[in-house]
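Right, one structure below, let's go through it.
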Amino acid sequence: MAELRTKALCSAVLMLCGLPLLATAHFSTGPVSAEPQAGASNPGKELWLFGGGEPICSSVELHKCAKAKTAEAQAYFERTQALREKQFMVSSTALTQWQQSTLWPGPATRRQQLKAALLAKLQSVQGKVIGEADWYRTLDSLDLTGDEHSLLDDWFEQRPQLADGSTQTMQVYFAGTELYVQQMFQAFVASGRERAVQRRGQSVEKPRLVLITASSYNVFEWVDYYRQLFSAAGAEVQWLPIEPALVQDGRCDQLDQQRLVWNGQYQRAARYPELAAYQQQFCRQPAKQLELMQSADLVFINGGDQSLTMRSLQLADGQWTELAAMLHRRLAEGVPLGGSSAGTAVQSGRSGSTIPMISGGSTETALLHGTLAVAADRPLCALFDHCNPVLQQDRLTYKADGGLRSFTLGITDTHFREREREGRLLRLVMDTKAPAGAGVDEATVLRANFRSDLKASLSVMGHGGVWLVLPENSMQQQQLSSGWRVEGLQASRLLPGDTAVLEPGRLQVQLDCPVSAQVPAHKVDPLTYRAQAQWHWLQKDQLVQACQRADGVWRYQHLPLVLEVTDAKS
């Protein structure tokens, strides 16, 4: 991923950079009202929507450290005896148990075909402790599926220990992280501190951040990583150890077994005994979960799979858990909620409105095959033979009643420009008649300050941008002989220094461009809107307010979109 840098970052409070250009979407009616900001006693709901892929300097991802800080980071990881990679060992006991087990994520015939070759590979490294890279090289020639590899990894992964018997953990070196990334997380924590001071009426040295890692397949894996990250950014961090097995099943003595059913994770309590013991306290004393959420000054949801987070906050019948209801109350009281990747995608929705939550799929499958309102499969679904065959086609799927329903203005999407997700977000807005879509690039954060459930001020930090798409009242979709065509949508792209006010059917934008920045629509952001084999962006011949940053990245507002897709199913 190219790590583009702005010449000057906005301040931690995300004020405008440079001279703004004011414009309002042409399909709005009437003037944009200047509503007052929420009062000091309740500053209003605030979301920090990180796009994912934030380059954090850590012992397991040294390549993400700032180049000038790499040697310094290496020394820090040596001094702290940091975990560098997962470790595996095929012991005679584990190998015998594996041979006797019937667990396999797929047909028994597949395991039978692989058995001899796989057994030979495992025996070749028997008794040796090997790192992750060597482990994958050992198994590489077998062409295992992701699910097969995942189960084998869990079966033979070792618990790395320090001399005192404690579990060795990955380490984060915050000082070795790029400055603009540090500033994003510090700004989030600073906002939580400022709002805590307003609520309490007294100084707050370190705001309490409640960390939710329920998006992870392995709920334990990234706890220490995020604890260190947010501690370095200025917060007191407390982990809230919810996950689907704890919520959907709830038998505390069966959590490890049920984790295999709900998350496809095997024997994780033995690998992370300290965290598993901590989780047991919250399982056996549910009131501790509510107490922790009640004490939060900030909440953060990690990346992974947003459907796992929903299964940790919502019961099978669609009812919110007590904890989720408490989280909604805290948001209404002004406690900032942050999320990265899945932690951002999960926030789509509004009660009583058609704002769904994306659960999977790509632009190509969305444009050519449409969308499906079906529940995402559980991880390793083939292990228990409950995979939905429709989902094997990588269709664009969504949860029709939304996710956490905190971003009440539209659909949220992540890893946006890097994975070319404009088409999938546009298609989901079209198919569900959602009022808007917001796609956040990697290493970028969209800050949304809500004046009401239907109006928010938006601003951006980081090195990427945020793509906003809104349908006009005149949006039309036309079926073609071998595909379809749509027009009547508008896109805006905000970079750091730009701000906007968003409400249903109306977008007011302030771009950090010269006032005279007028560009023909077909010349705006040609990389994003380049023709593909089966779809074409057909921009109208009109002027658009737009300009390029010093590194060539475009910022623009109210770009009219016309999209024609050929050889597509309805």
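Key figures
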| quantity | calculated |
| --- | --- |
| As computed over the range 328-380, the Cα convex hull volume per residue (Å³) | 137 |
| Nearest-20 debye value, the chain charge dipole, Cβ charges on Lys, Arg, Asp, Glu | 540 |
| Charge tally in the Cβ shell below 15 Å around Ser203, where Lys, Arg are +1 and Asp, Glu are -1, Ser203 excluded | +2 |
| From the C-alpha gyration tensor of the chain, square roots of 5λ in Å | 40, 29, 24 |
| Environment charge at Arg405 (Cβ cut-off 15 Å; Lys +1, Arg +1, Asp -1, Glu -1) | +3 |
| Stokes-Einstein translational diffusion, the range 216-311 - Kirkwood Rh over all Cα pairs, 1.002 mPa s, 20 °C, in µm²/s | 154 |
| Ranking of Phe185, Phe384, Phe300 by count of other Cβ atoms within 10 Å, fewest first | Phe384, Phe185, Phe300 |
| The chain, relative contact order in percent, only Cα pairs under 8 angstrom and at least six apart counted | 18 |
| Orientation-averaged projected area, Cα convex hull of the range 87-156 (nm²) | 4.2 |
| Residues of type lysines that Lys433 reaches as a straight line, Cα spacing below 16 Å, ignoring anything fewer than 8 places off in the same chain | Lys399 |
| Computed over the range 271-324, Cα set: Rg, Dmax in Å | 12.6, 33 |
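None of the figures in this text is laboratory data; all of them are computed from the coordinates on show. In this text, all values refer to a predicted model and were calculated from it rather than measured experimentally. Here the Cβ is made from the backbone with ideal geometry for all residues, glycine too, and neighbour counts use every protein chain on show.
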